[in-house]
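Peer 1: Okay, here's the structure, questions in a sec.
We did not get these values from a lab; they are worked out from the coordinates using the rules stated. If you're wondering where the values come from, they're calculated on a predicted model, not measured in any experiment. Here the Cβ positions follow ideal geometry from the backbone for every residue, glycine too, while neighbour counts run over all protein chains shown.
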Amino acid sequence: MIRTTVALFLFAIVVCGLIILRPFSSGEEVAGDRLGTPIETDVEVTRAAPTDLAALAEAATAPLVTNAATGLVEAPRRIDVARPNTDDTRLSDMTNNVLAELGFAGVETVTTNSQTQRRSTSDILAGIEAATGHRSVLEESETLEAIVIAALRAGETDERIDTIINEAAAAGTVAVPEILVTSDGRVDTHVLLNNIVTQAQIASGGAAPTVPEVSPDNTAGMEVRVVQRATDEVEARFYTVQNGDSLGAISIKFFGSIQHYETIFEANKGLLSSPDRIRVGQRLVIPQLDA
């Protein structure tokens, strides 16, 4: 009995010694995990750094960087921002109605797309009521057109109008034309007021705005490249969206008015899903106008 106990004790000591000395052995053995999968022992394992919210905020607001090798502006990573509600009302129609309401001679109101849709919805509800006897009331909603008319009649400053409209847009109580939505999710009231002044001048017998002379020297974010075609060479114009840009502002910058915003949108449909979806750093094609 004593011999058996001593033998078992010696065997336990030998096993413990092998376990202790095993990590220090040098050989062809490959370590494995609990499932038997080989583990590369020469790979350094590090713990992921915690998310630095301050660094992310700084990166989101960092200025655009120009690539030294290509000379092109490098677009930052995509950052989605909250955007105002939009409708398909044409800004030119809305502006026309503002001028008509303010009493400009020779300017008559037109029916906007949003008004047409509202009337269609009202007719549908009336049909449902006639068929079922259940009455549905179409709630009245504030319109951008009404806000602008009231502000202009009150003699509000441009800054005050900007505050009123953007507060209403942020609260979701008003919808705006798509070309007024900026790259940082605001309403471009500068374009809105610029278009009112432009149409007022034309209605008063003034000339339409001319196409401005733009070049990379006087327009930040603009780039011109010569493209070789089969029979000739053409100049291709590109523009990198800047902070605060809207499609309406870009149209004014290159064509003098909002009239050609659809031309820009059509040329960039592969990049823009709708006119209100422009983002800082996007590189847009700016087409030349036909002679």
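Peer 1: For the residues D188, D93, what sequence is obtained by ranking on other C-beta atoms within 10 Å, fewest first?
Peer 2: D93, D188
Peer 1: Counting other beta carbons within 10 Å of each residue's own, what order do V214, V197, V191 fall into, fewest first?
Peer 2: Values: V214 17, V197 10, V191 25.
Placing the least packed residue first, the sequence is V197, V214, V191.
Peer 1: Same structure, new question: Enumerate the residues in segment 180-200 having an amide nitrogen under 16 Å from the point lying 7 Å beyond the Cα of A105 toward its Cβ.
Peer 2: 200
Peer 1: Also, quick follow-up: Per 5 Å bin from zero, what fraction in whole % of the C-alpha pairs of segment 159-291 is there, up to the bin with the longest pair?
Peer 2: 2, 10, 18, 21, 19, 15, 9, 4, 2, 1, 0
Peer 1: Rounded to the nearest 0.05, what FRET efficiency do V211 and A171 have when you use their Cβ-Cβ distance and R0 = 35 Å? The partial results should precede the final answer.
Peer 2: On the way: r = 38 Å, r/R0 = 1.08.
Rounded to the nearest 0.05, the efficiency is 0.40.
Peer 1: Cβ neighbours within 10 Å, averaged per peptide: list 98-105, 153-160 in order, most packed at the top.
Peer 2: Working: 98-105: 15.4, 153-160: 10.5.
The peptides rank, most packed first, as 98-105, 153-160.
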